[in-house]
Amino acid sequence: ALSGVGGRALRPREPWLDGILRQTGRENSGSRALFGGGQRASGTGRSDGHPFGDAGGAADSRGPRFDLRVPPQGYGWWYADGISDDGAFGFAIIAMIGSVFSPYYAWSGRHNPHNFNGLNVGLYGKGVKRWTLTERSNRSLKQAEAKLNIGPSHLEWDGAALCVTVDEWAVPFPRKVRGELRIIPEGVNETAFSLDRAGRHQWCPIAPKCRIEARFDQPSLRFSGHGYIDSNWGSEPLEAAFSHWDWSRAPLKNGAGLLYDAFETDGTNRQLALAFKNNGTFEQAAPPKRQTLRRCPIWRMPRTTLADDAVQPRIQQTQEDTPFYSRSWLDTEFQGERTLAVHESLDLKKFANPIVRRMLPFRMPRWG
């Protein structure tokens, strides 16, 4: 049972989502979550509504599913991040089909999303910082239920953990990035959330709290720590629905906290605050107050977060500083517990600017 969440089984609104979940021959008991206290319930997909394993099986049988069929104009991605236990190193990865930030996909008219794929890898820490995002064609893409190959790199769900093999080149300075990540959920979640009122953009926090093991040969790097896995998918470009959003995930002693603060293009503000337990169940909390963070040091992009009045969130490090996107580590609190959170800000108005789009190929070369 999920506290504070109304329940009934739902079928996905978008027909292209059919068949992307593992099935057991029975319908799962479903739930749909109320997004932003006081607003209507969002129409989330359930038993075959998001790329996630069967909700009725054993915990080690569930996990992300990679044979997602993305429609024209659409996208799908799988995201994971991690921070070492001592806070010295970290990573973020995004495996994308119908790459939402690809200028090539936008210029093509977005008719064939499976021809625009990429694995974004960010490594963070003194002496090891790297950034990769090589876009590839459909000839480099191989999809199976439990495995996704994009060029020489791949993601695989082994029944208990997400295993990532990275074999990429960093940009803008070409340096090899080669290594392995093992991301082990402490609990799994099978509820997806509509980020927009029309239900065209979905988000599933698959594993809000994980243990991670990172081993890289190039650069030389080894660490363990805490991590996170989620998935997003949609049937139209992000900039068609949203002007900007701020998101964060925070590890807690007995679970994790997740915060979304999204603005649709018509100015509607949708907020979400979730408190997850280690076993993957969650409660929905009233979203805290929006607080302003200091701007990014280079591109001066504004950042905000949700936090209680008594809390003074502080940017500890800025990992990514671009004209439209930032990723940071944030010293903050969630429901009274001090924590180091991963925080992202995304400005889709700036992203849609033609000048910004023409800058992207310098950080996103395309092969094939």
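The values are calculated or read from the model by the stated rules, or taken from the named source; none is laboratory data. None of the values given here were measured: they were computed from a predicted structure. Neighbour counts run over all protein chains shown; Cβ positions are idealised from the backbone, glycine included. Just so you know, the surface numbers come from the protein's heavy atoms only, side chains and all, with ligands and any DNA or RNA stripped out. Shrake-Rupley method; radii C 1.70, N 1.55, O 1.52, S 1.80 Å.
In the range 217-228, is there at least one residue being of a type outside the set (V, I, T), open to solvent by 10 Å² or more (accessible area, probe 1.4 Å), over 27 Å from G280 (Cα atoms) and assigned to a loop (DSSP other than H, G, I, E, B)? Taking every residue of the range 217-228 in turn, at least one turns out to be of a type outside the set (V, I, T), open to solvent by 10 Å² or more (accessible area, probe 1.4 Å), over 27 Å from G280 (Cα atoms) and assigned to a loop (DSSP other than H, G, I, E, B).
When the test is whether a residue is out of contact with any Gly (no Cβ under 8 Å at 6 or more places or on another chain), of a type in the set (S, T, Y) and at pLDDT 95 or above, S235 does not pass it. Count of the range 95-109 residues, restricted to those that are open to solvent by 20 Å² or more (accessible area, probe 1.4 Å) and under 28 Å from E180 (Cβ atoms), is 1.
For the range 198-219, the set of residues classified as in contact (Cβ under 8 Å) with a residue 40 or more places away in the chain and more than 23 Å from E236 (Cα to Cα) consists of A207, P208, K209, C210, I212, A214, F216, Q218, P219, listed by residue number.
Within the range 278-291, residues that are under 19 Å from I184 (Cα atoms) and open to solvent by less than 40 Å² (accessible area, probe 1.4 Å) have Cβ atoms under 8 Å from residues that are modelled with pLDDT of 95 or more and aromatic (F, W, Y) in these pairs: F282/F276, counting only partners at least 6 apart in sequence or on another chain. Being under 24 Å from G227 (Cα atoms) and buried (at least 20 other Cβ atoms within 10 Å of the Cβ) is a condition met by at least one residue of the range 346-366. Just one of the listed residues (L195, L141) is open to solvent by less than 20 Å² (accessible area, probe 1.4 Å) and in contact (Cβ under 8 Å) with a residue 40 or more places away in the chain, namely L195.
Scanning the range 311-328 for residues that are touching a Phe, Trp or Tyr at 6+ places or on another chain (Cβ under 6 Å), surrounded by 18 or more Cβ atoms within 10 Å (Cβ to Cβ) and in a strand (DSSP E or B) yields a single hit, Q319. Among residues of the range 154-181 that are touching a residue at least 24 places away in the same chain (Cβ under 8 Å), those with a beta-carbon under 6 Å from a residue that is in a loop (DSSP other than H, G, I, E, B) at least six positions away or on a different chain give the pairs W157/G63; W157/A146; V171/R363; V177/A170. Within the range 110-122, the set of residues being crowded, with 18+ Cβ neighbours inside 10 Å and either in contact with a Leu (Cβ under 7 Å, 6 or more places away or on another chain) or free of Cβ contacts under 8 Å to residues at least 40 places away in the same chain (or both) comprises N115, F116, N117, G118, N120. When each of S231, S235 is tested for being small (G, A, S) and either closer than 21 Å to R130 by Cβ or open to solvent by less than 20 Å² (accessible area, probe 1.4 Å) (or both), the lone residue that passes is S231.
Scanning the range 161-173 for residues that are in a loop (DSSP other than H, G, I, E, B), at pLDDT 95 or above and either more than 13 Å from G122 (Cα to Cα) or basic (K, R) (or both) turns up just one, A161. Residues being out of contact with any Pro (no Cβ under 9 Å at 6 or more places or on another chain), of a type in the set (S, T, Y) and either open to solvent by 40 Å² or more (accessible area, probe 1.4 Å) or in a strand (DSSP E or B) (or both) are represented in the range 297-310 by at least one member. For the range 59-91, the tally of residues that are of a type in the set (G, A, S) and either in contact with a helix residue (DSSP H, G or I) (Cβ under 9 Å, 6 or more places away or on another chain) or part of a helix (DSSP H, G or I) (or both) stands at 4.
Tell me whether the range 252-262 contains one or more residues that are over 21 Å from A161 (Cα atoms), surrounded by fewer than 16 Cβ atoms within 10 Å (Cβ to Cβ) and in contact (Cβ under 8 Å) with a residue 24 or more places away in the chain. There is no residue in the range 252-262 that is over 21 Å from A161 (Cα atoms), surrounded by fewer than 16 Cβ atoms within 10 Å (Cβ to Cβ) and in contact (Cβ under 8 Å) with a residue 24 or more places away in the chain. Number of residues in the range 124-138 that are farther than 22 Å from G76 by Cα and either aromatic (F, W, Y) or surrounded by 21 or more Cβ atoms within 10 Å (Cβ to Cβ) (or both): the value is 2.
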